[in-house]
Amino acid sequence: MAQPPKGRKDLTVGPIGTTLLTFALPTLASNVLQSLNGSINSIWVGRFLGEGALAATSNANIIMFLMFSAVFGFGMAATILIGQSMGRRDIEAARRAFGSAIGMVVGGAVVIALLGWVFAPAILRLLATPGDAQALALVYLRVIFLGLPLSMLGVLIQMGLRGSGDSITPMWFMVLSVVIDSTMNPVLIEGLGPFPRMGIAGSATATLLAAAVSSLGLLIYLYARDLPIRLRGHELKWLIPEAALMRVIVAKGLPMGAQMLVMSTAGLTMVGLVNRLGVDTAAAYAVSQQLWTYIQMPAMAIGVAVSSMVAQNIGAGKWERVDAITRAGLLYNTIITLVVIAAIILFDRPVMSLFVGSASPAIPIARHIQLIASWTFVMFGATMVLFSTVRSNGSTIAPLVILIVTLYPIRLGIALLGQPVIGPDALWWAFPIGSAASLVLAAWFYRRGTWRSHVLVVPPDPEEGEEHAHAGGEPAGRLQPTG
């Protein structure tokens, strides 16, 4: 058997459980670092600038996730194409998918950043951001928008590397980003040394600086190591995607981007409901969200690993490994997530006091939220694993429909209609009930749905099709299960 290209790990061979865990751990470490970075920055903001500034950054970050989601689905679609192409050992197809994603997503990010800068005040008003936090949130949000294109470039390179089987390189560049961001936050907030005192804008500027250095560093590394997805010479024309390939990325990327938008808008609606309960509850919810980022990290890392492994195995025609990969993902998610939840609940008070101070009235509210809602992430993680598997063969509509149903009529419906009955607790109980409904529907679709019959391929470049017409490769029929 031919050896995989330099910088690419073959995920179609070897013991499934060990391979999955080995691939997932660096991704988990990246997620831990990213979340730790966000938590450290929140600590700096909360300690130096107060609870109003902390609530402002929480509101602004959710809006950024909404903007990020608008272009992120295309990158996810390209990652699946890269994984399947690598499974078929078709490096050219992987590069074409990667180039198209860069051209589409970074261009889209520029547009989103400009629109976000202009409409940021209206968005914050729509979100019902508390008045004393609104001006701070606007300053923070506008600086963050400036860094969106470079941030998206870095994320796409990381996604492309993971699709090709490399989860180590993204981890090291996450380390670089975290060191820069967490170090520069207090320096720019307080104006230490030769730097000016920028307040909350300093926190956003540190994040922008970290994104720029990390993204450009990844780009340099990609070419210095001649990794599989780099583009050279005539390949640079793939940054302007051909029509057929763009149709595939858009057709699969729009539903995946819409899934993130659905989650984002549901999150924004929930924040709006929480904000109406006052600054203390808004700050408590912001602290809870910080802790939830850690609880959901195993699910996100395992989901990425499952997606990359399943895509490569489908590309290689090894359907017999797909169910085993999914089962391993479900098992690892359950074990690791339960351990994280238990640890956070046991030590929640000292951790929460890092953000708002031990005497803050937000702490007892945040502890109450954690006890009710944290357990939802076991079900959330299982749902993400199932979604990762079906998306790896291009099935994106069913996960979108499931999310719409469970986040809006169910989760937000309980949060709104339950308040007259049980008060603010309706908002927190809406999380586990909605996640249970998502898991039931995702499991049904995984077992009974039509996702296995899909065919997802990179269409050939018409100008180069003749040159590669006789090249060796997997027949298209192997992309489908045989029985």
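The values are calculated or read from the model by the stated rules, or taken from the named source; none is laboratory data. Just so you know, these numbers come straight off a predicted model, no measurement behind them. Glycine also receives a Cβ, built like all others from the backbone with ideal geometry; neighbour counts cover every protein chain displayed. For the accessible areas, the whole protein counts, side chains as well, though only heavy atoms, and no ligand, DNA or RNA atoms are used. Shrake-Rupley method; radii C 1.70, N 1.55, O 1.52, S 1.80 Å.
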Candidates S392, S435 - the one that is over 30 Å from K237 (Cβ atoms), touching a Ser or Thr at 6+ places or on another chain (Cβ under 9 Å), open to solvent by less than 20 Å² (accessible area, probe 1.4 Å) and modelled with pLDDT of 85 or more: S435
Looking at L138, is it of a type outside the set (D, E), free of Cβ contacts under 8 Å to residues at least 12 places away in the same chain and over 26 Å from G99 (Cβ atoms)? no
Condition test on S307, is it in contact with a Ser or Thr (Cβ under 6 Å, 6 or more places away or on another chain), polar (S, T, N, Q), under 24 Å from T337 (Cα atoms) and crowded, with 22+ Cβ neighbours inside 10 Å? yes
Answer yes or no: is there a residue in segment 378-398 that is more than 29 Å from F74 (Cβ to Cβ) and within 19 Å of the chain's Cα centre (by Cα). yes
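Here's the yes/no breakdown for (1) touching a residue at least 24 places away in the same chain (Cβ under 8 Å); (2) of a type in the set (S, T, N, Q):
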| site | (1), (2) |
| --- | --- |
| L277 | yes, no |
| I295 | yes, no |
| A301 | yes, no |
| N313 | yes, yes |
| A324 | yes, no |
| L354 | yes, no |
| A362 | yes, no |
| R367 | no, no |
| G381 | yes, no |
Just the residues that are open to solvent by 10 Å² or more (accessible area, probe 1.4 Å) and either without any contact (Cβ under 8 Å) to a residue 12 or more places away in the chain or among the small types (G, A, S) (or both), please, taken from segment 395-416. A398, V401, P409, G413
In segment 9-50, how many residues are modelled with pLDDT under 80 and of a type in the set (F, W, Y)? 2
Can you name every one of the helices (runs of 4 or more DSSP H) wholly within segment 132-243 that holds 2 or more residues which are acidic (D, E)? 168-190
Restricting attention to segment 191-228, report how many residues are farther than 30 Å from I168 by Cβ and either open to solvent by 60 Å² or more (accessible area, probe 1.4 Å) or touching an Asp or Glu at 6+ places or on another chain (Cβ under 7 Å) (or both). 7
Looking only at residues in segment 323-371 that are open to solvent by 40 Å² or more (accessible area, probe 1.4 Å) and of a type in the set (S, T, N, Q), which one is modelled with the lowest pLDDT? S358
